[in-house]
Amino acid sequence: MKARSIYVCSACGYTCAKWQGKCPGCGEWNTLAETVAAPQSPAAKSSARSLSQARDVGAFPLSGISAEGEHRYKTGLRELDRVLGGGIVKGSLVLLGGDPGIGKSTLLLQICQTLGRELSVLYVSGEESGRQLKLRAERLGVDSPDLLVMAETDCETICEYIRRSLPGLVMIDSIQTVSMDGLTSSPGSIVQVRECTNAFMRLAKMLDIPIIIVSHVNKDGQIAGPKALEHIVDAVLYFEGERTLSYRILRAIKNRYGSTNEIGVFEMRDRGLNEVENPSLMLLSGRPKNVPGTCVVCLLEGSRPILAEVQGLVSTSGFGNARRMANGFDLNRLNMLLAVLEKRAGYFFANLDAYINVVGGLRLDEPAADLTVALALVSSLKDFPVPEDVIAFGEVGLAGEIRAVSQCAQRAAEAARLGFKRCILPASGKKSAGKIEGMEIVGVKSIREAFEALK
Ligand code: TYD
Ligand code: MG
């Protein structure tokens with residue numbers, strides 16, 4: 001068969017026959033890279049076959065399969081365990097993605113300390129030498145005797161070693177450095193990364209060993225990012241945060257063994273990552289007092305309510321068309337809110353720039369943040385500060401109405417715990433919020449009412 005060039009997106013794995021500047025799959029620019037569409041290489045095929053030889057073939061009735069024995073290993077970091085749904089499941093393949101330098105290797109090395117007590121851990125590093133790892137481990141205080149390190153990048157060699165030595169847990173740092181002989185493309189390319197991940201997936205399932213794979217988020221066309229692997233693995237965790245801030249947020253995007261709503265919060269210190277048990281307190285520290293354009297929201301991240309500060313800035317536009325920018329909030333949603341504020345509540349933003357920033361690198365995915373964003377914008381527009389002891393949340397509808405959100409009571413209670421005195425929430429949620437000592441609960445039906453309630 002004649003080899004044919006195809007173009008593969010490094011971000012999402014979309015393939016097309018012709019080069020294009022923008023990937024039709026995910027809309028990213030300059031992510032298509034040329035690869036040779038070789039039929040699956042003999043090496044990959046033979047390794048697949050040799051791996052599957054040990055498996056029995058056949059179908060079983062689901063009712064007859066036992067779900068018992070699902071064993072979870074506690075990592076020693078409660079924040080990570082919660083995001084994983086209670087620990088690492090035996091035989092699972094977990095993908096840990098994040099920007100380079102965010103702290104992925106640090107996180108993995110840190111959990112070796114606890115896991116190393118009950119398991120033998122194999123840490124495969126294609127990026128750092130043994131000496132570098134040792135230096136880092138010393139700094140982090142990791143001295144587990146059962147931690148084996150291996151500086152290797154050949155996928156077959158790594159798999160062979162795992163098959164022979166049967167470690168209790170394997171970490172691959174990072175998948176972009178691992179490559180398979182017999183594939184024409186270079187390490188880090190989408191074909192390599194995918195084939196290697198597939199090989200580790202088969203190995204994890206066959207030997208019932210949990211494997212954690214690190215993948216760097218990279219926009220460069222030559223290197224494939226974690227997005228291209230999400231469909232293969234059992235769980236996808238992203239480690240996020242602003243490089244200039246020390247906070248890091250761990251988020252599950254996919255989890256075959258638990259929920260994906262949970263987040264874990266860490267702080268990067270000079271001796272590694274520390275768990276943040278009370279993120280609200282951290283996120284609200286340094287909040288300016290009595291300044292227009294800031295308002296606090298209570299989000300529900302999985303089972304945990306988290307308070308976050310939303311800042312809005314509205315200023316005269318110096319150019320023809322007004323700028324709208326959102327950091328941590330959906331830009332389309334911001335545009336929609338501006339339109340609602342203008343049409344339904346009479347706050348005019350035409351010819352004004354509008355900016356939204358969520359403090360601490362948090363992302364507001366919940367509609368409950370709508371009202372907070374709207375109040376931050378109106379507060380900046382009117383130059384009227386939202387009192388510092390007020391918290392507001394609620395979904396804003398296109399008619400300017402404030403719609404119900406879930407778990408009003410839990411959100412209000414968390415705000416009360418942190419010293420807030422007044423809670424503005426959807427009128428329909430007022431009853432369910434009940435009475436909270438020391439807190440005035442104000443139910444509102446529209447944005448206008450909400451802004452009036454501030455006065
Ligand atoms: P690292 O885990 O190497 O990132 P990744 O594997 O995701 O690329 O983290 C590197 C960054 O973390 C580096 O910029 C320095 C910082 N860091 C600390 O601040 N304190 C520490 O104790 C360690 C080990 C790293
Ligand atoms: Mg690293």
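Taking a straight line from the alpha carbon of K254, these lysines sit under 23 Å away, with near neighbours fewer than eight places off in the same chain left out: K74, K90, K104, K205, K219, K227. Calculated over the stretch 274-333, the projected area of the Cα convex hull averaged across directions stands at 6.1 nm². Normalising the average separation of contacting C-alpha pairs (under 8 angstrom, six or more residues apart) by the number of residues puts the relative contact order of the stretch 282-453 at 24 percent. Rounded to the nearest 0.05, what FRET efficiency do E152 and S406 have when you use their Cβ-Cβ distance and R0 = 41 Å? According to the calculation, E is roughly 0.30. Using the empirical formula 2.2 N^0.38 Å as the baseline, the Cα radius of gyration of the stretch 282-453 reaches a ratio of 0.95. The mean sequence separation of alpha-carbon pairs under 8 Å and at least six residues apart, normalised by the residue count of the chain, gives a relative contact order of 12 percent. Net charge of the neighbourhood of E79, taken over other residues with C-beta under 13 Å away and scored Lys/Arg +1, Asp/Glu -1, is 0. Solvent exposure of K289, expressed as accessible area, is near 120 Å², computed with a probe of 1.4 Å over the protein chains only. Per the Kirkwood formula applied to alpha carbons, the stretch 153-250 shows a radius of gyration over Rh ratio, Rg over Rh, of 0.99. Averaged over residues, the count of other Cβ atoms within 10 Å places the peptides 194-203, 292-301 in the sequence 292-301, 194-203, highest first. The solvent-accessible area of K22, taken with every protein chain present and a 1.4 Å probe, is close to 100 Å². Note on D208 and K289: with the Förster distance fixed at 56 Å, the Cβ-Cβ geometry gives a FRET efficiency of about 0.50. For the peptides 104-110, 86-92, residues were scored by their other Cβ atoms within 10 Å and the scores averaged per peptide; the highest-first order is 104-110, 86-92. Each Lys or Arg adds one and each Asp or Glu takes one away; over the other residues whose Cβ falls under 12 Å from the Cβ of E452, this sums to +3. Each eigenvalue of the Cα gyration tensor of the chain, multiplied by 5 and square-rooted, gives one semi-axis; in descending order these are 45, 27, 20 Å. Estimated from helices alone, the mean residue ellipticity of the chain at 222 nm is -8500 deg cm²/dmol (sum of -39500 (n - 2.57) over DSSP H runs with n ≥ 4, per residue).
With each label modelled as a point 7 angstrom along the Cα→C-beta vector, the D270-D383 pair spans 4.5 nm. Other residues lying with their Cβ under 10 Å from the Cβ of L273 contribute a combined charge of 0, Lys and Arg counting +1, Asp and Glu -1.
Within the assembled protein chains, the solvent-accessible surface assigned to M268 is about 50 Å², based on a 1.4 Å probe.
Length available on full extension from K254 to E68: 0.36 nm per residue minus the Cα-Cα distance, which gives 64.7 nm. Taking every pair of alpha-carbon atoms in the stretch 389-432, give the share separated by more than 11 Å as a whole percent. For the stretch 389-432, the share of Cα pairs beyond 11 Å comes to 64 percent.
Extension gain for K421 to M336 (0.36 nm times residue separation, less C-alpha to C-alpha distance): 27.6 nm.
By the rule of a C-alpha distance below 18 Å, with chain neighbours fewer than 8 residues away ignored, the lysines paired with K421 are K289, K430, K431, K435, K455. The antiparallel fraction among DSSP beta bridges confined to the stretch 73-277 stands at about 40%. Bridges between two residues of the chain, per DSSP, are antiparallel at a rate of about 55%.
Rounded to 0.05, the FRET efficiency of the E127 and I232 pair, given R0 = 25 Å and the Cβ-Cβ distance, is 0.70.
Among rounded, prolate and oblate, which fits the stretch 73-277 when a ≥ b ≥ c are the square roots of the eigenvalues of its C-alpha gyration tensor, a/c under 1.5 means rounded, and a/b larger than b/c means prolate? Because its axes are fairly even, with a/c under 1.5, the stretch 73-277 counts as rounded.
The values are calculated or read from the model by the stated rules, or taken from the named source; none is laboratory data. Being a predicted model, the structure only gives us computed values, none of them experimental. All Cβ positions, even for glycine, are placed from backbone atoms using ideal geometry, and neighbour counts span all protein chains on display. Accessible surface is based on the protein model in full, side chains and every heavy atom, while ligands, DNA and RNA are left aside. Shrake-Rupley method; radii C 1.70, N 1.55, O 1.52, S 1.80 Å.
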